[in-house]
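**Student:** I'd like to ask you about the structure that follows.
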Amino acid sequence: MLRHRISDQFADNYLVIHVGGMPCGLAVLKIREILHLRQLSPLPGVPHFVRGTLSLRGRPVPVLDLRVRLDLPAEFTNHTCIVVAALTLSPDSILELGLIVDAVGDVVSVSGLPLDLGALTGFAIAETCVLGRVTVAGQTITLFDLDRLVDRDLALELAHRPSPVGTALPVS
């Protein structure tokens with residue numbers, strides 16, 4: 001019961017990330033950790049936005065470049081990092097997924113704020129994974145539904161793919 005109260009308390013909190021100069025939000029309850037950009041092991045036969053895998057405490061975690069997923073050119077800076085999040089595959093199964101983002105910002109609460117569902121332009125995949133936009137402290141933030149960011153078939157394939165073997169490659 002305490003777990004539900006704690007979850008409810010943070011259900012409307014989003015981590016602000018920056019992608020292509022645009023502030024976006026990821027549900028805090030889905031975030032596992034934030035990592036410095038690092039080398040990835042290649043994953044053959046996956047879409048171009050899946051950059052490879054990283055080893056996280058011995059577990060392979062597929063990593064996708066959120067800029068490329070949103071049809072923006074890949075770009076890396078000193079602030080580029082990997083946000084590890086949990087995608088829900090089924091009620092009892094998750095996929096840990098790394099997201100390469102330009103930068104991370106603060107955690108914001110969107111509780112009680114109006115969600116703008118109109119004019120979700122700027123992202124080619126807006127209709128599939130964008131929940132809407134909110135304005136917090138004068139900043140408009142696009143909220144993503146992490147569970148719809150990756151096609152379900154691809155998510156299942158990544159979840160059941162064996163750990164890659166080979167030389168680690170840089171993400172750029």
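**Student:** Kindly provide the set of residues from region 68-95 that are modelled with pLDDT of 90 or more, surrounded by fewer than 18 Cβ atoms within 10 Å (Cβ to Cβ) and not in a loop (DSSP other than H, G, I, E, B), ordered by number.
**Tutor:** Hits for region 68-95 are 68, 86.
**Student:** Of everything in region 110-141 that's at pLDDT below 90 and polar (S, T, N, Q), which residue is surrounded by the most Cβ atoms within 10 Å (Cβ to Cβ)?
**Tutor:** Going through the qualifying residues, I end up with 128.
**Student:** Going through region 46-66 one residue at a time, which ones are surrounded by fewer than 17 Cβ atoms within 10 Å (Cβ to Cβ) and either at pLDDT 90 or above or part of a strand (DSSP E or B) (or both)?
**Tutor:** Residues satisfying the conditions are 47, 48, 55, 56, 59.
**Student:** Can you report the number of residues in region 34-62 which are among the charged types (D, E, K, R) and under 21 Å from residue 109 (Cβ atoms)? Give the derivation first.
**Tutor:** Residues of region 34-62 among the charged types (D, E, K, R): 38, 51, 57, 59.
Filter again for under 21 Å from residue 109 (Cβ atoms), leaving none.
The qualifying residues number 0.
**Student:** In region 13-41, which residue that is assigned to a strand (DSSP E or B) and polar (S, T, N, Q) is surrounded by the fewest Cβ atoms within 10 Å (Cβ to Cβ)?
**Tutor:** Selected residue: 13.
The values are calculated or read from the model by the stated rules, or taken from the named source; none is laboratory data. As the structure is a prediction and not an experimental result, all values here were calculated from the model. Note that we place each Cβ from the backbone using ideal geometry, even for glycine, and neighbour counts take in every protein chain shown.
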